[in-house]
1. Considering only strands (runs of 3 or more DSSP E) fully contained in region 152-271, which possess at least 2 residues that are within 26 Å of ASN68 (Cβ to Cβ) and either in contact (Cβ under 8 Å) with a residue 60 or more places away in the chain or open to solvent by 50 Å² or more (accessible area, probe 1.4 Å) (or both)?
2. Go through (1) open to solvent by less than 40 Å² (accessible area, probe 1.4 Å); (2) touching a Ser or Thr at 6+ places or on another chain (Cβ under 6 Å); (3) on the phi < 0 side of the Ramachandran plot; (4) at pLDDT below 90 for THR127 and report which single condition fails.
3. Any residue at all in region 74-85 that's farther than 23 Å from ASN267 by Cα, modelled with pLDDT of 95 or more, in contact with a Leu (Cβ under 6 Å, 6 or more places away or on another chain) and open to solvent by less than 20 Å² (accessible area, probe 1.4 Å)?
4. Among the residues of region 146-166, which ones are more than 32 Å from the chain's Cα centre (by Cα) and over 21 Å from PRO275 (Cα atoms)?
5. Inside region 251-267, can you point out the residues that are more than 21 Å from the chain's Cα centre (by Cα) and not aliphatic (A, V, I, L, M)?
Amino acid sequence: MCKHAFLRLAVLALAITLMLITPALAASCTLCGGETGSDDYLCTDCLLKLLNTKKEPVPVQIAGAVQNEDGTVTLVWTDDAGNAPYKVYYQPLENAPVPFGWTAAEGLRGTSYTFDRLVPGMSYMFTVVDAQGQTATHIWYAPVPGEDTQIGAKIRFKAMRRTDRLTREQEAFSASDIAEDNGALHGLYLRLTYSTLKKTRHYAFQIAVQAPNGFRDVIFSGNLELHHGRSSIPVWGFIPMDDYFTLLEKYYGGVPTGEYDVTLYFNGNRVYTAPFTVID
């Protein structure tokens with residue numbers, strides 16, 4: 001096609017386009033009534049005003065939670081307004097009539113927090129509160145723990161009562177003694193045994209206790225290195241139980257008697273469970 005023919009076609013196409021849009025040129029802006037090219041669009045002034053309108057910042061919102069390889073859970077949130085610092089709460093959804101849960105952290109400047117004391121197999125409600133009192137919540141269904149039988153780990157423990165003068169082994173804890181609040185510490189003396197290892201292994205561990213009424217909580221957690229060639233180590237020693245008993249007294253009116261389960265988790269997997277008893 002020659003150059004002149006192409007130009008003629010271009011001019012013809014432009015003329016047809018102008019004929020089609022001419023009726024719309026007299027339409028009114030849907031906001032101010034001014035002239036616009038179509039009643040489906042805004043006039044230039046109104047469009048610019050909307051584009052320049054300052055949007056209100058979105059308050060704190062939880063983006064989600066993810067379980068890490070070591071069994072911990074990281075909660076992430078966003079806050080366009082930047083209303084730091086933040087408080088983070090968590091509340092078990094089973095057998096825990098707590099109105100707002102327990103404080104996990106305060107004074108946070110970042111927008112994430114990692115929980116290392118959640119009981120595998122339980123559900124939790126996470127709450128983030130910004131400096132202005134705005135809140136956001138998220139429900140986390142902790143995966144049901146698997147079994148880790150490769151290392152054959154077991155915990156041996158004794159019920160202990162400690163005072164300023166004496167640490168004494170007991171066959172069982174006494175609910176009445178715990179309720180007296182006489183300054184004594186009640187806890188478990190734990191020793192870990194495991195199969196002889198061919199290589200050193202690293203674990204994130206948790207020790208959780210479940211009461212006869214179903215209430216569960218982690219009483220101790222951390223990181224552990226098991227060395228090859230060994231099969232027994234007094235890893236933890238004396239672990240106080242008084243915070244756990246205090247929660248039972250505060251939210252359930254007392255420490256229930258009966259059999260309690262102590263469960264050891266490695267990287268979120270259940271390794272071993274054994275009972276102890278609380279008597280009157």
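The values are calculated or read from the model by the stated rules, or taken from the named source; none is laboratory data. What you are looking at is a predicted structure, and each value in this text was computed from that prediction instead of being measured. Please note: Cβ atoms are built from the backbone with ideal geometry, for glycine as well, and neighbour counts cover all protein chains shown. With ligands, DNA and RNA removed, areas are computed over all heavy atoms of the protein, side chains included. Shrake-Rupley method; radii C 1.70, N 1.55, O 1.52, S 1.80 Å.
1. So the answer is 154-162, 201-210, 216-226, 258-266.
2. The number of the failed condition is (4).
3. No, region 74-85 contains no residue that is farther than 23 Å from ASN267 by Cα, modelled with pLDDT of 95 or more, in contact with a Leu (Cβ under 6 Å, 6 or more places away or on another chain) and open to solvent by less than 20 Å² (accessible area, probe 1.4 Å).
4. THR163, ASP164, ARG165, LEU166
5. Result: TYR251, TYR252, GLY253, GLY254, PRO256, THR257, GLY258, GLU259, TYR260, ASP261.
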